[in-house]
Each structure stands twice: as C-alpha cells, then as structure tokens.
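The values are calculated or read from the model by the stated rules, or taken from the named source; none is laboratory data. For clarity, every value in this text was computed on a predicted model and none was experimentally measured. Every residue, glycine as well, gets a Cβ built from its backbone with ideal geometry; the counts of neighbours run over all protein chains shown.
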Amino acid sequence: MVVLAVRKYKAGYEVREEIHHTNFKAEVFSYGDHEDIAGTDELANFISQPSDVIVKTAYTVTGDYIGDPKSAHYLIVKKGIKPEKISPDMNVCSIGFCEKEQKWYGWSHRAIFGFGIGDKVSEGDCTASSGWTDEYLREHPEEDTSLPTGFTAWDLEDCKKMAIAFAHSVG
C-alpha cells in the first residue's frame, strides 16, 4: 500500500488516498449444462489480472483505521463519537464514546448502537450473543464477549462492555 495524499480534518480524523495492489484469483466453478455463458471465462481472466486500486480510507489522528470517509464523518461529525479500537491488538475502530450523550457505541459495517447507564441486556439482544458458533466457542472461550441476559449498565465501564459485546456480535 502506498499513500498518495492525506487530508486532515479539524474534527479529529484524516482521510488517506492509497494505492492497494490486488491479486485476486477468479475461477468458474460450473457452467451447468451450458458452455461459457456470456463471457464468464473472459470475466474470470480479467478479474484474475493483478492491478492497483486507488481507495480513500479514514483513520484517527493516531493512525487507527476507522473505515470509509463517509462512515468516519457520520461517526465523528454527525454523532460526536470518538472512535477507538477494542484492544491494542485489533486493527479497526469498532467502539467509541459520545461525550454529549454519555454513551458508548459499538458498530460494524452492518449496524451501530449506543449504550447508556441503565440499559439492560434482554434475550435476543446482540449483546447477549457472541456471533460465534457453539463449536468455535468451545475451542476459543476467550472470544466470547457476550453478556448474560439481565446484565445492567450501572456505570460507563458497563456501557463500554455492552458496546464491545455488540461490536463483536455484529462484526
């Protein structure tokens, strides 16, 4: 990856224009009873050619990946959330605190939700599910950040736990 340009925003994030090298391998699994349908082989060959792609990505001022610029603008400018990583070994910001609302938010590319003092975990909530299969959790119990039904956020640390559980579940 090569950074072509960086634009810093007063709101506390930056957008980088980067070149990423792609190296995809496309394969045609089956044509069924037909021969090459409308150039499927040609398309697969085209996709399989290595190429460079220019993308714009958003980062915190400390260099932590947020996502696309539109998502970063929504989180930081519109919602007032300060994105952060769940832990230092993660590579994507998926939780953040909103000072104005006094809520911790968790998100992924699929969903976002904020948790405040007094919120409870109910049966069926994303916070009550790890997002992993039972088989996987038996081998990796440390990956289970789900919270028990009835868990109540009594302080902001509890709200943060709920945001983490939510982010893991929808991630």
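What pairs come up if the first residue lies in the range 106-127 and is in contact (Cβ under 8 Å) with a residue 60 or more places away in the chain, the second is among the small types (G, A, S) and buried (at least 21 other Cβ atoms within 10 Å of the Cβ), and their beta carbons are under 7 Å apart, counting only those six or more places apart or on different chains?
From the range 106-127, the pairs are G106/S94; G106/A163; G106/A167; W107/S94; W107/A167; S108/S94; S108/A167.
Looking only at the range 97-133, how many residues end up being part of a strand (DSSP E or B) and over 12 Å from the mean Cα position of the chain (by Cα)?
9
Is it the case that the range 10-33 has a residue that's surrounded by 15 or more Cβ atoms within 10 Å (Cβ to Cβ) and in contact with a Gly (Cβ under 7 Å, 6 or more places away or on another chain)?
No: the range 10-33 contains no residue that is surrounded by 15 or more Cβ atoms within 10 Å (Cβ to Cβ) and in contact with a Gly (Cβ under 7 Å, 6 or more places away or on another chain).
Within the range 54-77, is even one residue within 23 Å of S169 (Cα to Cα) and either touching a residue at least 60 places away in the same chain (Cβ under 8 Å) or more than 18 Å from the chain's Cα centre (by Cα) (or both)?
The answer is yes, given that some residue of the range 54-77 is within 23 Å of S169 (Cα to Cα) and either touching a residue at least 60 places away in the same chain (Cβ under 8 Å) or more than 18 Å from the chain's Cα centre (by Cα) (or both).
Being assigned to a helix (DSSP H, G or I) and either within 22 Å of K103 (Cβ to Cβ) or of a type in the set (G, A, S) (or both) is the filter here; which residues of the range 36-78 pass it? Give the steps one after another, and end with the answer.
Initial filter on the range 36-78 (assigned to a helix (DSSP H, G or I)): 40-47, 69-78.
A44, K70, S71, A72, H73, Y74, L75, I76, V77, K78 - these are the residues of the range 36-78 that are assigned to a helix (DSSP H, G or I) and either within 22 Å of K103 (Cβ to Cβ) or of a type in the set (G, A, S) (or both).
Quickly run through the range 150-166 and pick out the residues that are in a loop (DSSP other than H, G, I, E, B) and of a type in the set (A, V, I, L, M, F, W, C). Before the answer, list the steps.
First, pick out the residues of the range 150-166 that are in a loop (DSSP other than H, G, I, E, B): 150-151, 153-155.
Residues satisfying the conditions are F151, A153, W154.
Among S51, S30, which is outside the structural domain of A111 (by TED's automatic domain parsing), over 30 Å from H168 (Cβ atoms) and at pLDDT below 85?
Just one listed residue meets the conditions, S30.
Is it the case that F46 is closer than 24 Å to T152 by Cβ and either touching a helix residue (DSSP H, G or I) at 6+ places or on another chain (Cβ under 8 Å) or in the same structural domain as G12 (by TED's automatic domain parsing) (or both)?
Spelling it out, it is not the case that F46 is closer than 24 Å to T152 by Cβ and either touching a helix residue (DSSP H, G or I) at 6+ places or on another chain (Cβ under 8 Å) or in the same structural domain as G12 (by TED's automatic domain parsing) (or both).
Being modelled with pLDDT under 95 and surrounded by fewer than 13 Cβ atoms within 10 Å (Cβ to Cβ) is the filter; apply it to the range 72-102 and report the residue that is farthest from E142 (Cα to Cα).
N91
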